[in-house]
């Protein structure tokens, strides 16, 4: 169940309040990003898809009859956009602003030189590994590790029990560390 | 990537997950230490988990800068009638419709004799406001109907919602009018076997219907 204040914001947005809709987007776009990252084809640009979801939100917010179910509606919209992108099968790699490009952002904690390059490479690789997982593992992991949602929030977002969220997170994290370990082993063997 | 859909999640996997997640309690850490006494490799696996987690958190910081703002546009104007009906029910919508029609004088406005002009159409409206535009449009509409060539049907309410400042109701409606006029002749469009179109005048007495 969405918090009361959020329901009020949804109601205002449904009535046509642009400012409320802006607030709603600020609150929800990270979740939408996680859905798109977990479900979109690798070739699709995340920012474009987020814009697509945002456009649908503006155009169709009036269709939300039950503000309490707004998040479920929004997730369905995001899933449809991701699947639609898959059907379009556009293999464009023009934009490098997806999550994999996160490595391009300077890391203030990393030392200069080789260490920094390796850290950025690992960042890119880790994100790629997560996106290579089944969406049922990738989405909760992205929501938890990237956006900091609680397990309870993730359970509500995905409409699954909290215990299932914990199990999926535990498995996703095991997959991830196994990939890192394997990568380390290969690197040492080179 | 190998997936573990059907694998049993070990106790160690769950404990490492909680440690990485930040949700491990004192008991979880104690259990991890017990496992580590038998297999020190658990600390390495925990470190690997932490590495992955830190990478994902840093990715989140980087990604934040690429989250777009909401596209421009007023939200969902075309769905407002449905919202209103959904919120109040059809009966309430009908009541609003009837009240609004009565209050605006549309019930008698535009009768063929043009005698029942609306008060909305009287006087020069103040410029530069939605109300002014509405009054100006009503005045022009009243003049048009007053000429006696058209009869207005009841307007159709498309939406009725609180105005942005909440002090009034913003109504969007469709105005309908039936006009009558006299013309010299009617032409019928015909298509021959070759698909060529041609027109031919139809004598007035041959018209069997007025549904033109």
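For the condition modelled with pLDDT of 70 or more, on the phi > 0 side of the Ramachandran plot and surrounded by 10 or more Cβ atoms within 10 Å (Cβ to Cβ), what is the one hit in B:195, B:142, B:148?
Values: B:195 fails: surrounded by 10 or more Cβ atoms within 10 Å (Cβ to Cβ); B:142 fails: on the phi > 0 side of the Ramachandran plot.
Exactly one of B:195, B:142, B:148 is modelled with pLDDT of 70 or more, on the phi > 0 side of the Ramachandran plot and surrounded by 10 or more Cβ atoms within 10 Å (Cβ to Cβ), namely B:148.
With respect to the stated conditions, residue A:38 fails to be assigned to a helix (DSSP H, G or I), farther than 30 Å from residue B:171 by Cα, within 11 Å of chain B (Cβ to nearest Cβ) and in contact (Cβ under 8 Å) with a residue 40 or more places away in the chain. Of the residues examined, residue A:97 is one that is at pLDDT below 90, out of contact with any strand residue (DSSP E or B) (no Cβ under 7 Å at 6 or more places or on another chain), assigned to a loop (DSSP other than H, G, I, E, B) and within 8 Å of chain B (Cβ to nearest Cβ).
Could you identify the single residue in B:58, B:18, B:45 that is more than 46 Å from the chain's Cα centre (by Cα) and outside any loop (DSSP other than H, G, I, E, B)?
Values: B:58 fails: more than 46 Å from the chain's Cα centre (by Cα); B:18 fails: more than 46 Å from the chain's Cα centre (by Cα).
Criteria check complete, one pass: B:45.
Applying the criterion of being more than 9 Å from the chain's Cα centre (by Cα) and either surrounded by fewer than 22 Cβ atoms within 10 Å (Cβ to Cβ) or more than 9 Å from chain B (Cβ to nearest Cβ) (or both) to the residues of segment A:136-153, the residue that is nearest to residue A:82 (Cα to Cα) is A:136. Among the residues of segment B:173-204, write down those that are assigned to a strand (DSSP E or B) and within 30 Å of residue B:157 (Cα to Cα). Across segment B:173-204, the qualifying residues are B:173, B:174, B:175, B:176, B:177, B:178, B:179. Regarding segment B:40-50, can at least one residue be identified that is exposed (fewer than 12 other Cβ atoms within 10 Å of the Cβ), modelled with pLDDT of 85 or more and more than 11 Å from chain A (Cβ to nearest Cβ)? For segment B:40-50, residues exposed (fewer than 12 other Cβ atoms within 10 Å of the Cβ), modelled with pLDDT of 85 or more and more than 11 Å from chain A (Cβ to nearest Cβ): present.
Condition first: modelled with pLDDT under 60, more than 10 Å from every other protein chain (Cβ to nearest Cβ) and either assigned to a helix (DSSP H, G or I) or within 11 Å of residue A:32 (Cα to Cα) (or both). Can you find one or more residues in segment A:105-115 that meet it? Yes, because at least one residue in segment A:105-115 is modelled with pLDDT under 60, more than 10 Å from every other protein chain (Cβ to nearest Cβ) and either assigned to a helix (DSSP H, G or I) or within 11 Å of residue A:32 (Cα to Cα) (or both). Is at least one residue of segment A:15-22 surrounded by 23 or more Cβ atoms within 10 Å (Cβ to Cβ) and modelled with pLDDT of 90 or more? Yes, some residue in segment A:15-22 is surrounded by 23 or more Cβ atoms within 10 Å (Cβ to Cβ) and modelled with pLDDT of 90 or more. With respect to the conditions (1) surrounded by fewer than 19 Cβ atoms within 10 Å (Cβ to Cβ); (2) in contact with a helix residue (DSSP H, G or I) (Cβ under 9 Å, 6 or more places away or on another chain); (3) at pLDDT below 90, residue A:47 falls short on a single one, namely (2).
For segment B:22-33, the count of residues that are surrounded by 14 or more Cβ atoms within 10 Å (Cβ to Cβ), touching a helix residue (DSSP H, G or I) at 6+ places or on another chain (Cβ under 6 Å) and within 9 Å of another protein chain (Cβ to nearest Cβ) is zero.
Being surrounded by fewer than 19 Cβ atoms within 10 Å (Cβ to Cβ), closer than 17 Å to residue B:73 by Cα, in contact (Cβ under 8 Å) with a residue 12 or more places away in the chain and within 11 Å of chain B (Cβ to nearest Cβ) is the requirement here; does residue A:55 meet it? So residue A:55 fails the test.
The lone criterion from (1) buried (at least 23 other Cβ atoms within 10 Å of the Cβ); (2) more than 29 Å from residue A:129 (Cβ to Cβ); (3) within 9 Å of chain B (Cβ to nearest Cβ) left unmet by residue A:63 is number (1).
The values are calculated or read from the model by the stated rules, or taken from the named source; none is laboratory data. Not measured: the values here are computed from a predicted model. All Cβ positions, glycine included, derive from the backbone under ideal geometry; neighbour counts span all protein chains shown.
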